Amino acid sequence: DAAITELKKNIPLNYSSLHLYNENLDQLSIESSYNYSESEIKKSIYKPGEGITGKVFKSGQHLIIDNLSEEKSYLNKSGKEHSSSQQESYIGCPITMDGKCVGVYGLAFDSSGKSDQEDIIFVARMLASFFGQGLQINKLIEKRGYEVEKENENLRERLESNYSFSNIIGAAPSMRDI
């Protein structure tokens, strides 16, 4: 969210979204966003290859739409309202982890002004790369947490088997009563 706030300071950002792929559901849904309502987030779900987001995910290549209102593959599943007084452009960038596309970062901005589209594309691609790195770090932390949990469980089992009542001298029932 801090990255999006900084981005908003420098470009005429209308909205942006971070869609992540869920293998179990075979769909992309919004994990984080800027300027989306809760209902828009719930509706903005895509299958790989579906709409702009799905195309970016499936191809693993960034996509630039100069005029979103004229783009046939723009499905607007979220139901976002768009201003007719501005030309809105869109950039979709794949988010990769271990060489595999795991999501899409997309942003729409007012391109009717004097914003430098090349700079915006550069920043969007850089952010998508940062998001991928963040996901990789989270994956490593989860893996390490799982390994520590398993190690603790193994140690507990060994302690219980080595230091149970049956291994203590004087473990007779009458001694246990004392």
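One table, with the values for the structure above:
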{"read-out": "Qualifying aspartates and glutamates (Cα of each under 19 Å from Cα of Lys9; at least 8 residues distant if same chain)", "value": "Asp1, Glu88, Asp110, Asp116, Glu118, Asp119"}
{"read-out": "Sites Gln117 and Arg144, calculated FRET efficiency, Cβ-Cβ separation with R0 35 Å, nearest 0.05", "value": "0.30"}
{"read-out": "Under 15 Å, Cα to Cα: Lys pairs in the stretch 21-87, sequence gap 8 or more or different chains", "value": "9"}
{"read-out": "At R0 = 25 Å, FRET efficiency that the Cβ-Cβ distance of Glu70 and Lys43 yields, to 0.05", "value": "0.65"}
{"read-out": "With every protein chain in place, the stretch 106-157: carbon and sulfur % of accessible area (1.4 Å)", "value": "54 percent"}
{"read-out": "Gain upon complete extension [Arg158, Asn10; 0.36 nm per residue less C-alpha separation]", "value": "47.5 nm"}
{"read-out": "Heavy-atom surface of the stretch 10-66, accessible at 1.4 Å and reported per residue (Å²)", "value": "53 Å²"}
{"read-out": "Pairwise FRET efficiency - Glu31 versus Gln86, Cβ, R0 = 41 Å, nearest 0.05", "value": "0.90"}
{"read-out": "Heavy-atom SASA rank of Thr53, Thr96 (probe 1.4 Å, accessible area, largest first)", "value": "Thr96, Thr53"}
{"read-out": "Computed lengthening from Asn22 to Ser59, 0.36 nm per intervening residue step minus Cα-Cα distance", "value": "11.6 nm"}
{"read-out": "All lysines inside 19 Å of Lys143 as judged from Cα atoms, apart from same-chain residues fewer than 8 positions distant", "value": "Lys100"}
{"read-out": "Whole-angstrom gap from the stretch 62-110 to the stretch 1-54, using each part's C-alpha centre", "value": "9 Å"}
{"read-out": "Where trypsin sites (Lys or Arg not before Pro) fall in DSSP loop in the stretch 1-106, at most 10 other Cβ within 10 Å", "value": "Lys72"}
{"read-out": "Integer Hz, Karplus 6.51/-1.76/1.60 couplings in order for the stretch 86-93, x for Gly and Pro", "value": "9, 8, 9, 9, 9, 10, x, 10"}
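The values are calculated or read from the model by the stated rules, or taken from the named source; none is laboratory data. It should be emphasised that the depicted structure is a prediction, and the values quoted were computed from it without experimental measurement. Cβ sites come from the backbone with ideal geometry, for glycine too, and all protein chains shown count toward neighbours. Ligands, DNA and RNA are excluded from the accessible area calculation, which covers all protein heavy atoms including side chains. Shrake-Rupley method; radii C 1.70, N 1.55, O 1.52, S 1.80 Å.
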